[in-house]
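A short write-up of the structure that comes next.
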Amino acid sequence: MNNHAVELRNVGKDYKYFRLNDISLNLPTGSITGFIGVNGAGKSTTIRILLGLVHQDRGSVQVLGQTMPDQQVLAKREIGYVSEDMRLYPKANLAWHMQFIQSIYPNWDQAYAEQLLKRFDLRAEQKIKGLSHGQRVKATLLLALAHRPKLLVLDEPTTGLDPVARQEVLSALMEVLADEQRTILFSSHNTLDVEQISDQVAFIDQGSIIEATSKEDLLDLWRRLRVRIAPGQTLTELPHIIQQQGNGQLQSLITNRYSPDLHQIYQQAGLEIQAVEHLTLEEIFVASIQARREGKTL
Amino acid sequence: MNSMIKQLIRKDWQINRTMMAIYIGAMLIANVMLLADPDNIVFGMGVILILTILFILCIHLTTSNVISEYSQKTLTFIMSLPVSARHYAIAKLAANLSMFCVPWLMALLSSWLIILTSDSLPNGLTALVTLGLVEILLSYCLIMMLGIVTESQHGAIGAMAISNLGFQGFIWGILKIPAIAQHRDSNQLAWNSTELSILAIQLVVIIGLLGTTLLIQQRKTNFI
């Protein structure tokens, strides 16, 4: 049995002003992958390709064992999709949407839908046009979750939500994580949200995947070293340094290949390591983007 | 028919049920007006009302049930369901066509009924009325096709303008054809070969427009 719910191999797409650069990305079954990139980095294009909504120009896409876009109908039977720019029918109410989705998906779980209705504080009889943005996102999430999909694809679902609504959405997702067979792809430019729920992380920038690994590895390997340079000494090229900040003798170095062995290498180069600090996912993301744009190899 | 296509057609009918009820109601009123004496102003108003309803429905249905799916971003929701581009295009064509055809058929059947039961209207008029109404149906197919293919209101409005001019030109043109003009004033019900040929051309164009829409939609690689 394939242990990847999603497999993208050398997938490319050319637009007039944007190019998806033959990306490869695997989502292990049961994983929660945070897909992080700035606006216009290629997150939505990648997601639309894996749903068959946009056809790739190059490369292959397998989703839940189905080849996309040719077998998208079969694949989408097991996919729940929520996107920030997705809208429900404004003149219909949520109950109508629930009935519509129920008529399409045999796995629809009415009890779970009603549970989510209460949890999200939504009224089934309320028309969609009367809902706030937060309520609309929660309504869409309810529709996507209640048919118990094997793959949940969330494209910037928390964008524009107030803190309470954002927390409610994230809590509902955390609950869903209890199902180890369900794979989640969560795209966002908000690293805090991704850090809360993901176990895998992929960074995308200017149409290229620049990092795809487990969140723990990432947080473990990326460190900030506060170092002191001996008077009169200059900092020569050191291995695995992504970013260097500071003036004079006190410097702050960011590495993406931290290991205790680095201490010895840096000390031999005349550095006194004063502190080793963990980085937040946001700091790692920003440092990765800057390093790549400066032409450094990650 | 694929069950997903059926669901999508049902969905479109449900979403547009209020609008359709208003148009069907208005068409009923217009049909009742045709019961008046053909020399009475009410009859004339009924004819104008029928044509107005059908022309407005052409653009209203296209904007509310085709273009709004793009502009209101509900297409993303629909395309995330287990549906292919082909399913979507077939369902959209079938739903729109069926919604248009209810008031259109009411207009066609009532005009036949009025003509055939009226002493003051020649039976030969049925051919002209039928060709005119089929021309409106053809216009609707063109507007719907451009709405679906271009995904833009401008495309549909452009098609509406062309169709409106085309309809006026069509009526003016066929009345210049002696075989049709003579039949219009006669009490002969049977169609002549000229009328049948025009009807056949109209039907071929309608099928061609629908087929072209499906073909173009199937070849699209970006849906949102």
For A:LYS16, the lone unmet condition from (1) within 18 Å of the chain's Cα centre (by Cα); (2) more than 9 Å from chain B (Cβ to nearest Cβ) is (1)
By my count, helices (runs of 4 or more DSSP H) wholly in the range A:67-129 with at least 1 residues that are in contact (Cβ under 8 Å) with a residue 40 or more places away in the chain and more than 10 Å from every other protein chain (Cβ to nearest Cβ) are A:94-104, A:110-119
Within the range A:254-295, the residues that are more than 28 Å from A:PHE35 (Cβ to Cβ) and either surrounded by 14 or more Cβ atoms within 10 Å (Cβ to Cβ) or in contact with a helix residue (DSSP H, G or I) (Cβ under 6 Å, 6 or more places away or on another chain) (or both) are A:LEU262, A:HIS263, A:TYR266, A:ALA269, A:GLY270, A:LEU271, A:ILE273, A:VAL276
**Prompt:** Hey, does the range A:119-138 have a residue that's closer than 22 Å to A:VAL6 by Cα, in the same structural domain as A:ASN93 (by TED's automatic domain parsing) and of a type outside the set (A, V, I, L, M, F, W, C)?
**Reply:** no
Selection over the range B:189-224 where residues are farther than 30 Å from A:ASP57 by Cα and either hydroxyl-bearing (Ser, Thr, Tyr) or within 14 Å of another protein chain (Cβ to nearest Cβ) (or both) yields a count of 3
So B:GLY44, is it under 20 Å from B:LEU131 (Cα atoms), over 15 Å from the mean Cα position of the chain (by Cα) and surrounded by fewer than 20 Cβ atoms within 10 Å (Cβ to Cβ): yes
Return yes or no: is A:PHE186 touching a residue at least 60 places away in the same chain (Cβ under 8 Å), of a type outside the set (Val, Ile, Thr), more than 27 Å from A:GLY295 (Cβ to Cβ) and assigned by TED's automatic domain parsing to the domain that holds A:THR46? yes
When the range B:16-38 is checked residue by residue, the ones that are of a type outside the set (S, T, N, Q), surrounded by 14 or more Cβ atoms within 10 Å (Cβ to Cβ), in contact (Cβ under 8 Å) with a residue 12 or more places away in the chain and part of a loop (DSSP other than H, G, I, E, B) are B:LEU34, B:LEU35, B:PRO38
- Any chance the range B:190-210 includes a residue that's farther than 22 Å from B:ILE67 by Cα, out of contact with any Pro (no Cβ under 7 Å at 6 or more places or on another chain), modelled with pLDDT under 95 and of a type in the set (Gly, Ala, Ser)? yes
Before we move on, is B:ALA181 small (Gly, Ala, Ser), open to solvent by less than 20 Å² (accessible area, probe 1.4 Å) and over 16 Å from the mean Cα position of the chain (by Cα)?
no
Of the listed residues (B:ILE50, B:ILE9), the one being within 30 Å of A:ARG77 (Cα to Cα) and out of contact with any Pro (no Cβ under 7 Å at 6 or more places or on another chain) is B:ILE9
Residue hits (the range B:81-129; without any contact (Cβ under 8 Å) to a residue 12 or more places away in the chain and either under 21 Å from A:HIS97 (Cα atoms) or acidic (Asp, Glu) (or both)) are B:SER84, B:ASP119
Restricting attention to the range A:1-25, the residues that are within 19 Å of A:VAL63 (Cα to Cα) and without any contact (Cβ under 8 Å) to a residue 60 or more places away in the chain number exactly 11
Of (1) within 14 Å of chain A (Cβ to nearest Cβ); (2) open to solvent by 40 Å² or more (accessible area, probe 1.4 Å), B:SER80 satisfies every one except (2)
Residue count, the range B:91-127, condition part of a helix (DSSP H, G or I), within 17 Å of B:GLN182 (Cβ to Cβ) and open to solvent by 30 Å² or more (accessible area, probe 1.4 Å), comes to 1
Condition set of a type in the set (A, V, I, L, M), without any contact (Cβ under 8 Å) to a residue 60 or more places away in the chain and open to solvent by 60 Å² or more (accessible area, probe 1.4 Å), scope the range B:134-174, selection nearest to B:THR62 (Cα to Cα): answer is B:ILE162
Selection over the range A:72-103 where residues are of a type in the set (Phe, Trp, Tyr) and over 18 Å from B:MET79 (Cβ atoms) yields a count of 1
| said: When you scan the range B:102-121, do you find a residue that is more than 14 Å from chain A (Cβ to nearest Cβ) and within 24 Å of B:GLU151 (Cα to Cα), even just one? | reply: no
message = Any residue at all in the range A:245-256 that's among the hydrophobic types (A, V, I, L, M, F, W, C) and either touching an Asp or Glu at 6+ places or on another chain (Cβ under 9 Å) or in a loop (DSSP other than H, G, I, E, B) (or both)?
response = yes
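The values are calculated or read from the model by the stated rules, or taken from the named source; none is laboratory data. It should be emphasised that the depicted structure is a prediction, and the values quoted were computed from it without experimental measurement. Virtual Cβ from ideal backbone geometry, glycine too; neighbours counted across all protein chains shown. The accessibility values were calculated without ligands, DNA or RNA, using every heavy atom of the protein model including side chains. Shrake-Rupley method; radii C 1.70, N 1.55, O 1.52, S 1.80 Å.
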